[in-house]
Amino acid sequence: MLAAASDLDALRLSLGQGGQTGIKVLIAVFLLGVALDVRLADLRAVLRRPLVLVGGLAAQFALLPALTLLLCRALDVGGSAALGMLLIACCPAGNLSNLLTHRAHGDVALSIALTTCSNLLAVVATPVAFAFWAARYPAADALLSDIRLDPVEMGVEVALLIGLPFAIGIAVAARRPGLAARLRRPVEIAVLVALLLVIVAGLATRGGVIVAHLDEVAVPAIIQNAVVLLVGYVVGRAFLLPPPGVRAMTFETGIRNTALGLVLALAYFDQLGGVALVVAFWALWDVLTGLLLSTAWRRRPPEPAR
């Protein structure tokens, strides 16, 4: 059944040009901080396990969007909410996954390598995958027909947000490892706090809207979040990874780059405020569930390999 249009589809949200630029700068600096932790030796180690790398990337850019599409159909999700969910599913791994993996006694080297590869691949994969899967949900496709969405333009936006800071960060880490080590954590933590404050402030000003559309925003997002975490865990087990690797894969698949999703939502779907609303709620819920899961695993360290 085609999801009926709702007031959520007509919602307008905008931070203005200055606000969007500020978030883009925060994301670029945050990604720079993550790239400072990238060691070429770790990347080479993961490349020696190509099946794990391919499996992790396929789970993120193919399996997650496909399952999200099925979930949207099962729940009869409205058009703008479905676009938000599909945008989240097509974004690369979130950088918070590295911190959560470390907290949960997971394989940090695998986590960082997968985050790096997925974010670099996102330059092409995110716009192409989003255009492909959104066109397969009638309610979302109907809204897209009224919007000028150029996958090439979106790809350039993603490249500037991800590729450039990653390249700079990796270069600094390789040439000045001491400087990279000193800058890494302060940069990540400061920018993460700033991003969360921006999201919380945005949601606080729209609290009434969220309550009014709770069933359209919160319920699908919560279910989707549980599904993507479960997918990561199952993929890790399917590839016979040791417990630390399973934990890393769980967070790599379950923690999405919602900051990138929010920028894209505000840049391309400002006339469909429901898209940004779903992404913003998803971002907070993703952090909450990630912290809870990492805390639970932190209290249960994996047994040493025999």
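The values are calculated or read from the model by the stated rules, or taken from the named source; none is laboratory data. What you see is a predicted model; the values in this text were computed from it and never measured. Heads up, the Cβs are rebuilt from the backbone with ideal geometry, glycines too, and the neighbour counts pull from every protein chain shown.
Looking for something of a type in the set (Val, Ile, Thr), within 24 Å of Val278 (Cβ to Cβ) and more than 13 Å from the chain's Cα centre (by Cα) - is there at least one such residue anywhere in the stretch 128-136?
First, pick out the residues of the stretch 128-136 that are of a type in the set (Val, Ile, Thr): 128.
From what's left, within 24 Å of Val278 (Cβ to Cβ): 128.
From what is left, the residues that are more than 13 Å from the chain's Cα centre (by Cα) are 128.
Within the stretch 128-136 (the criterion being of a type in the set (Val, Ile, Thr), within 24 Å of Val278 (Cβ to Cβ) and more than 13 Å from the chain's Cα centre (by Cα)), the answer is yes, since at least one residue qualifies.
When only residues in the stretch 1-55 that are among the hydrophobic types (A, V, I, L, M, F, W, C), over 24 Å from Arg256 (Cβ atoms) and assigned to a helix (DSSP H, G or I) count, which is modelled with the lowest pLDDT?
Taking the stretch 1-55 and keeping what is among the hydrophobic types (A, V, I, L, M, F, W, C), we get 1-5, 8, 10-11, 13, 15, 23, 25-32, 34-36, 38, 40-41, 43, 45-47, 51-54.
With over 24 Å from Arg256 (Cβ atoms) added as a condition, the list becomes 1-2, 4-5, 10, 40-41, 45.
Narrowing the set further to residues that are assigned to a helix (DSSP H, G or I) leaves 10, 40-41, 45.
On the way: Ala10: 58, Leu40: 72, Ala41: 72, Ala45: 72.
If we take residues in the stretch 1-55 being among the hydrophobic types (A, V, I, L, M, F, W, C), over 24 Å from Arg256 (Cβ atoms) and assigned to a helix (DSSP H, G or I), then Ala10 is modelled with the lowest pLDDT.
Output the qualifying pairs, or none if there are none: Cβ atoms under 8 angstrom, residues six or more apart or on different chains, first residue in the stretch 73-100 and in contact (Cβ under 8 Å) with a residue 24 or more places away in the chain and farther than 15 Å from Phe269 by Cβ, second residue charged (D, E, K, R) and assigned to a loop (DSSP other than H, G, I, E, B).
Here the result reads Asn98/Asp37, each pair linking the stretch 73-100 to a residue that is charged (D, E, K, R) and assigned to a loop (DSSP other than H, G, I, E, B).
Restricting to the stretch 264-295, and then to whatever is β-branched (Val, Ile, Thr) and surrounded by fewer than 24 Cβ atoms within 10 Å (Cβ to Cβ), can you tell me which residue is modelled with the lowest pLDDT?
Checked the stretch 264-295; the qualifying residue modelled with the lowest pLDDT is Val287.
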